[in-house]
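The values are calculated or read from the model by the stated rules, or taken from the named source; none is laboratory data. Quantities reported herein were computed from a predicted structural model and do not represent experimental measurements. Virtual Cβ from ideal backbone geometry, glycine too; neighbours counted across all protein chains shown.
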Amino acid sequence: MTVPSLDDVLGNPSDYSPATFAERGVTVGFTSPVVAQARIRASRHKGMELVMPNLTGGKGFYLFQWTAVLHSSTVTVHDRRLYGLIAATRVLEPGMVRRQALRAASEGLAGRRAAQRARQVIREDQEYSVLTNFLLLSRLLQTGDAAIVPLLDANNMPVVNSDIREAAQQVATDLGLTPDALYDRIETLGQLVLPLGLPWAPTSGRLRRLIGDLERFAGEAAALSALSFGDFAMLADVASRSARNVAALGRAAIAEIDRTIENDLTWIVGDWPTARKTFPGTLFWVGWLLDGWDYIITAWQAVVGLSDRAASNGVAGGSIERQRDALVDLAWLLPLMPKEVQDATAQSLNDETRDVQRRWAHAQPETLAGRTLLPAIRHNEELKAAVA
Amino acid sequence: MEISRANLTTLAQQLSQSTDRQLTKVVGLIDKLSDRGTLDAAISQVRDRLATLRPARPLSLARLLFNPVEDLLDNDDVYRRQSRRVNRALIRTVTQLVEQALGPEAETLRTRLADKTTHDEALAFQMGCLVWPRSAQALEAVLARAARDPAFRVATLGRNLDVADQIQDLIIFLKAAAEIEELKVNLPPRPFGTLALQHIAALEKTFTAIDTAEAIDAIARVLIARASRPGELMATIDALCARLSATQARLLTTAITAAAVAAFDRDLQGLAQRTARTAPQNADIAERLLSFLVSLDRQKLGGNFRVGSATLVDARHFIAAFLSPAVAEGVAEAIALLAALPRGEAGNDAAIERLERTLIAVRVLADIDRTVRGDRKAEGQIDRLISDLTVRARDHISEAAARDADTACALAGDFCRMIELVKDSEFAEPLWRNWMTELNRL
């Protein structure tokens, strides 16, 4: 076996600033510290490459090939499996990476708690998918001439009723579709809106909840900044404003999506070949926008303890040192906004984020070593068990 | 508030068994009492946990004064003279002396601190910067008068000469308090492990700014007390010395070595008092001891630390004597836990969790044994464990597969992780792939 040189492993640092979300890459929930929360993207040459922060805290990012990572550090069986699953799909998109991460975790390679949580999330996604499809059908029935039938039971779960089939046939005929084509389009649309959930759904989708969590995190980081002094106060302030800005951009995009679904659902389903050219883009955009923040929120919540929030002054619960240390650890993960997001606040925050990330360099002298990483791996597995 | 000894014992037991959240709540209630009286004794049982949890506690003059030495406080029954620690019993005496010296300003201070907690760090630091130098001055005046006037000394400090020595020690901490507190803010919470670059930069900033031996010694003692692996901290400090002036480097290495040796002695005394331990407990001890040993070894490599070679040899022998049985006991413990797993069934999560913790500990112990001894004798024990694991894995998975494929897959995941923990992922992954292929899941 040829051991790669340091240059092979580390690549060349450059003043990396992503132009697009695809260039920024998708974060992957690996458990090995050396690649934990690395971003993965299509390589210009072949296959995929990992985008990782500069380990020395200097300018730029590093690009790794997976084989180089395997040669140079200890990577868990879980991560090997997860990379294999992602590589096999050949589609790099946050939703897909999340599904593969859940699949790998559900196999138990990241521990029992992570497996149980992954299986539970997969089950919840399936239930929410069924609910979303029925809610879409229900709205179509309401907008058409067909009689409105109760579609949900007392627990907000869909009920199967022969009346629904008849009503759906009526709607399909009105839209010039066969019932099967109607169901196919509803199912496709349902899968697309699944991460957000429908605006009239009884419970919010995952990304809507994440935006709420981001806003809460922004408030807690701001309160922590106010209590602190020196460099750390600046770090907490930047983290808070970044989260708030992403939440605001997300909310604006979701409002637009909601308006489209509310007003043009019949058009979207009826003229899907046209609608598919524009509508899904905004849905995917929200997924890309929020990519990377779910880990930050989960890690933060693991430290502050959801139940211990002190309501009086908006400061999160848990030890203040642990909050501070968690935020320092998470600072290097604050996502940079690609240039394609033409938002002045976001671009100015990029500069501040880069400055903070350099100042609070994420140096892990042990990251390229071996077994001393076990506690760090277990920490990442714990977070995997808590992720939504 | 006075409560009976029996009730106090019950309360202390309940506190020690409470969850973090319950403990935080109870301590919050106790803190609200104007006079805690004997309840302090109950809290003393859980001080270690409180030090880690760091719930918001009321900010008081006593807390401001003793913040710089919070990591060095020992209860009266544990405290030993010359141990380079601080007796908790000193808090009351010193606070009274400072309150007297501050006069009416003490009341103003109390008003400013009312309703504030230890989480109001910026305020605590600001108030501390006002109080620490004046308190140091006041305590120096008390000590000067006590030296001249034996009657005053006995009336104020009692007959125990160590009290004056401790106050003298505390004065040094009060003089360096601003630097200590600022540094603590910029370091990870205690107990901290490996320091990142920003932490090392904070250390450099602090040590570049101070040049008195006393202040450096005080900060070194705080750092060693807050480090989970003091030896690793010593290595970091050793590297840092290259960027300091020759005088600063000399003072710092002397101070950190003295603090580390005192902490090492304390560890050994603690080790001698304990008896039956689990493999994870042994692994924690071994990691800490190895950390010391590695730092002491640096002497040979031209590092800055100067520790007698007898100490080094003693330390190595001590650790080696501790590790041999620890590895064997750990392997036996792991095999016993494996044997207790219900054959072909998922078993409960707690049992698997305990087994995984034990396997990690065994791996850590074996690695440290190899480092300390310079041979691979412990690997024989590890091979025996892996062989046992592999055989049991196949038995459990095939037994489960006959009834329920999902359980069999879950067990494949469990055993793959166990083997990965003890060996490595390159060895474990092909085994998992074989099992999953046989189960038609790949």
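For the stretch A:114-127, does any single residue satisfy the condition of being touching a residue at least 40 places away in the same chain (Cβ under 8 Å), under 28 Å from residue B:353 (Cα atoms) and crowded, with 21+ Cβ neighbours inside 10 Å? Don't jump to the end; show me each part of the working.
Step one: filter the stretch A:114-127 for residues touching a residue at least 40 places away in the same chain (Cβ under 8 Å), giving A:114, A:116-118, A:121, A:125.
Subset that is under 28 Å from residue B:353 (Cα atoms): A:114, A:116-118, A:121, A:125.
Those left that are additionally crowded, with 21+ Cβ neighbours inside 10 Å: A:114, A:118.
Yes - at least one qualifying residue is present in the stretch A:114-127.
Within the stretch B:416-426, the only residue that satisfies the criterion of being more than 9 Å from chain A (Cβ to nearest Cβ) and closer than 17 Å to residue A:73 by Cβ is B:423.
Being under 17 Å from residue A:93 (Cβ atoms), in a helix (DSSP H, G or I) and either touching a Lys or Arg at 6+ places or on another chain (Cβ under 8 Å) or not aliphatic (A, V, I, L, M) (or both) is the filter here; which residues of the stretch A:251-294 pass it? Result: A:279, A:280, A:281, A:282, A:284, A:285, A:287, A:288, A:293, A:294.
If you scan the stretch A:86-117, which residues turn out to be within 11 Å of chain B (Cβ to nearest Cβ) and assigned to a helix (DSSP H, G or I)? Full working, then the answer.
First, the residues of the stretch A:86-117 that are within 11 Å of chain B (Cβ to nearest Cβ): A:104-116.
Result: A:104, A:105, A:106, A:112, A:113, A:114, A:115, A:116.
Would you confirm whether or not the stretch B:366-378 contains a residue that is more than 30 Å from residue B:317 (Cβ to Cβ) and in the same structural domain as residue B:331 (by TED's automatic domain parsing)? No, every residue in the stretch B:366-378 fails to be more than 30 Å from residue B:317 (Cβ to Cβ) and in the same structural domain as residue B:331 (by TED's automatic domain parsing).
Residue check: is residue B:335 within 12 Å of another protein chain (Cβ to nearest Cβ) and more than 23 Å from the chain's Cα centre (by Cα)? Spell out how you get there, then give the answer.
On the way: within 12 Å of another protein chain (Cβ to nearest Cβ): no; more than 23 Å from the chain's Cα centre (by Cα): yes.
Answer is no for this residue.
In this structure, residue A:246 does not satisfy being modelled with pLDDT of 90 or more, within 30 Å of residue B:183 (Cα to Cα), aliphatic (A, V, I, L, M) and touching a helix residue (DSSP H, G or I) at 6+ places or on another chain (Cβ under 8 Å).
Conditions (1) of a type in the set (Asp, Glu); (2) closer than 29 Å to residue B:50 by Cα; (3) without any contact (Cβ under 8 Å) to a residue 12 or more places away in the chain, marked per residue:
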residue	(1), (2), (3)
B:93	no, yes, no
B:124	no, yes, no
B:138	no, no, no
B:153	no, no, yes
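Conditions tested, residue by residue: (1) modelled with pLDDT of 95 or more; (2) surrounded by 18 or more Cβ atoms within 10 Å (Cβ to Cβ).
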| position | (1), (2) |
| --- | --- |
| A:137 | no, yes |
| A:148 | no, no |
| A:152 | no, no |
| A:166 | no, no |
| A:178 | no, no |
| A:187 | no, no |
| A:214 | yes, yes |
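What residue, of B:31, B:71, is touching a residue at least 12 places away in the same chain (Cβ under 8 Å), within 13 Å of another protein chain (Cβ to nearest Cβ) and either farther than 25 Å from residue B:267 by Cβ or in contact with a helix residue (DSSP H, G or I) (Cβ under 8 Å, 6 or more places away or on another chain) (or both)? After ruling out the rest, the residue left standing is B:71.
If you go through the stretch B:145-200 and pick out every residue that is over 21 Å from residue B:125 (Cα atoms), of a type in the set (A, V, I, L, M, F, W, C) and either more than 14 Å from chain A (Cβ to nearest Cβ) or not in a helix (DSSP H, G or I) (or both), you end up with 14. Within the stretch B:278-302, the only residue that satisfies the criterion of being under 14 Å from residue B:316 (Cα atoms) and at pLDDT 85 or above is B:286.
Out of all the residues in the stretch A:280-301, is one or more small (Gly, Ala, Ser), at positive phi and out of contact with any Asp or Glu (no Cβ under 8 Å at 6 or more places or on another chain)? It would help to see each step written out before you state the result.
Here is the first cut: in the stretch A:280-301, the residues small (Gly, Ala, Ser) are A:281, A:287, A:292, A:299.
Checking the rest, the ones that are also at positive phi come to A:292.
Pick out the ones that are also out of contact with any Asp or Glu (no Cβ under 8 Å at 6 or more places or on another chain) and you get A:292.
For the stretch A:280-301, residues small (Gly, Ala, Ser), at positive phi and out of contact with any Asp or Glu (no Cβ under 8 Å at 6 or more places or on another chain): present.
The residues of the stretch B:34-68 that are within 14 Å of chain A (Cβ to nearest Cβ) and in a loop (DSSP other than H, G, I, E, B), listed by number, are B:54, B:55, B:56, B:57, B:59. Screening residue A:369 with (1) over 18 Å from residue A:61 (Cβ atoms); (2) outside any helix (DSSP H, G or I); (3) modelled with pLDDT of 75 or more gives one miss only, at (3).
Return a yes/no flag: does the stretch B:82-90 have any residue that is touching a residue at least 12 places away in the same chain (Cβ under 8 Å) and exposed (fewer than 14 other Cβ atoms within 10 Å of the Cβ).
Pass one, the stretch B:82-90, residues touching a residue at least 12 places away in the same chain (Cβ under 8 Å): B:83-90.
Cutting the leftovers down to exposed (fewer than 14 other Cβ atoms within 10 Å of the Cβ) gives us none.
Within the stretch B:82-90 (the criterion being touching a residue at least 12 places away in the same chain (Cβ under 8 Å) and exposed (fewer than 14 other Cβ atoms within 10 Å of the Cβ)), the answer is no, since none of the residues qualifies.
Looking only at the stretch A:80-101, residues that are under 16 Å from residue B:442 (Cα atoms) and out of contact with any Leu (no Cβ under 8 Å at 6 or more places or on another chain) come to 7 in all.
Residues in the stretch A:300-318 include at least one that is modelled with pLDDT of 90 or more and not polar (S, T, N, Q). Restricting the stretch A:336-364 to residues that are buried (at least 20 other Cβ atoms within 10 Å of the Cβ), farther than 18 Å from residue A:253 by Cα and at pLDDT 85 or above, the residue that is nearest to the other protein chains (Cβ to nearest Cβ) is A:353.
Consider the stretch B:349-359 and keep the residues that are crowded, with 18+ Cβ neighbours inside 10 Å and not charged (D, E, K, R). The one that is nearest to the other protein chains (Cβ to nearest Cβ) is B:352. Which residue out of B:97, B:15 is closer than 26 Å to residue B:137 by Cβ, among the hydrophobic types (A, V, I, L, M, F, W, C) and in a helix (DSSP H, G or I)? B:97 is the lone residue from the list that is closer than 26 Å to residue B:137 by Cβ, among the hydrophobic types (A, V, I, L, M, F, W, C) and in a helix (DSSP H, G or I).
For the stretch B:350-390, the set of residues classified as at pLDDT 90 or above, in contact with a Leu (Cβ under 7 Å, 6 or more places away or on another chain) and over 23 Å from residue B:432 (Cα atoms) consists of B:365, B:368, B:369, listed by residue number.
Condition check ((1) within 14 Å of chain A (Cβ to nearest Cβ); (2) within 16 Å of residue B:342 (Cα to Cα)) across all residues:
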site: B:370; (1), (2): yes, no
site: B:384; (1), (2): no, no
site: B:394; (1), (2): no, yes
site: B:401; (1), (2): no, yes
site: B:412; (1), (2): yes, yes
site: B:428; (1), (2): yes, no
site: B:433; (1), (2): yes, no
site: B:436; (1), (2): yes, no
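Quick check on residue A:58: is it in a loop (DSSP other than H, G, I, E, B) and either within 14 Å of chain B (Cβ to nearest Cβ) or at pLDDT 95 or above (or both)? When the stated conditions are applied, residue A:58 passes them.
Which of the following residues is under 19 Å from the mean Cα position of the chain (by Cα) and at pLDDT 90 or above: A:293, A:332?
Working: A:332 fails: at pLDDT 90 or above.
From the options A:293, A:332, the qualifying one is A:293.
Report whether or not residue B:111 is over 20 Å from the mean Cα position of the chain (by Cα), among the β-branched types (Val, Ile, Thr) and away from every other protein chain (no Cβ under 14 Å). The answer is yes for residue B:111. Exactly one residue out of B:410, B:346, B:393, B:401 is at pLDDT below 90, surrounded by 13 or more Cβ atoms within 10 Å (Cβ to Cβ), hydrophobic (A, V, I, L, M, F, W, C) and touching an Asp or Glu at 6+ places or on another chain (Cβ under 9 Å), and it is B:346.
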